[in-house]
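The values are calculated or read from the model by the stated rules, or taken from the named source; none is laboratory data. Everything quoted here is computed from the prediction, not taken from an experiment. Here the Cβ positions follow ideal geometry from the backbone for every residue, glycine too, while neighbour counts run over all protein chains shown.
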Amino acid sequence: MAKAILKDDSTTEQLVLDSKDLAILHLLQKNARVTVKEISDQMHLSTTPVHERIKRMEASGVIKQYATLLDHNKVKKGLMVICYVSLKEHSKKAGVKFIEMIEALNEVIECYSISGEFDFMLKVVCEDMNAYYDFHVNKLSQVENMGKVQSVFVMGIIKQTHQLV
C-alpha cells in the first residue's frame, strides 16, 4: 500500500538531547539566522560547544534544514486549500507512482499519508480561485490512479507554527 512507502527507513541511533540541546533548538526555530555567538551569549556558554552541538544535531538529522518562511499573500499564493485524496488502486507500485506525481506539482507544499476515508491529505497554495481551478482540472485530476478528491478552502489561519521544542 502507498502508506507503507512513507515510513522512515533510517537505522541511525536516536540522538539523546539534553536541556542545552533543546534550548539551542528553540533559539534556532525562533530565528534560523541567529549566530552561534548570539546563542552562546544567551546560554552563557562559549561558542565552541554551541557550534559542536549544532553540528552534531545537523549530522544526526535532528536539524533537517534551515528555511525561510514567507507570507503567502505577498508572494501571490493567498489561496490555501486542503485536498483529501483517495486512490482507486492501493498497490505499492500505484502508491509510488502517485507520490512521484504529487512531488512534481509545485502547488502542493505538503502531502501526508493519512488514515480514514481518504489516503492522502495535500496542502495546496495558489494565487486565487481561478488558479486553483486550473490546478485541479489540468493537473491534480490528471494524476494517474486518482480516485475521489475533496477540497476544503482555508478561510483563515488561526495558528501556524513550525516549532517543535
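Considering (1) within 19 Å of Leu79 (Cα to Cα); (2) hydrophobic (A, V, I, L, M, F, W, C); (3) surrounded by fewer than 15 Cβ atoms within 10 Å (Cβ to Cβ); (4) in contact with a helix residue (DSSP H, G or I) (Cβ under 9 Å, 6 or more places away or on another chain), the lone condition that Val152 does not fulfil carries the number (4).
A Cβ distance below 9 Å, combined with a sequence gap of six or more or placement on separate chains, defines the contacts here; from the stretch 106-117, residues that are farther than 17 Å from Val75 by Cα reach residues that are small (Gly, Ala, Ser) and outside any strand (DSSP E or B) in the pairs Ser113/Ala2; Ser113/Ala4; Ser113/Gly95. Within the stretch 8-42, the set of residues being farther than 23 Å from Thr68 by Cα and at pLDDT 95 or above comprises Leu17, Asp18, Ser19, Lys20, Asp41. Exactly one residue out of Ser60, Ser86 is in contact (Cβ under 8 Å) with a residue 12 or more places away in the chain, farther than 19 Å from Asp18 by Cβ and polar (S, T, N, Q): that is Ser86. Scanning the stretch 51-109 for residues that are among the β-branched types (Val, Ile, Thr) and not in a loop (DSSP other than H, G, I, E, B) yields Ile54, Val75, Val81, Ile82, Val85, Val96, Ile99, Ile102, Val108, Ile109. Scanning the stretch 134-155 for residues that are part of a loop (DSSP other than H, G, I, E, B) and on the phi < 0 side of the Ramachandran plot, we see that the one that is nearest to the chain's Cα centre (by Cα) is Val154. Scanning the stretch 33-59 for residues that are surrounded by 14 or more Cβ atoms within 10 Å (Cβ to Cβ) and of a type in the set (Gly, Ala, Ser) yields a count of 1.
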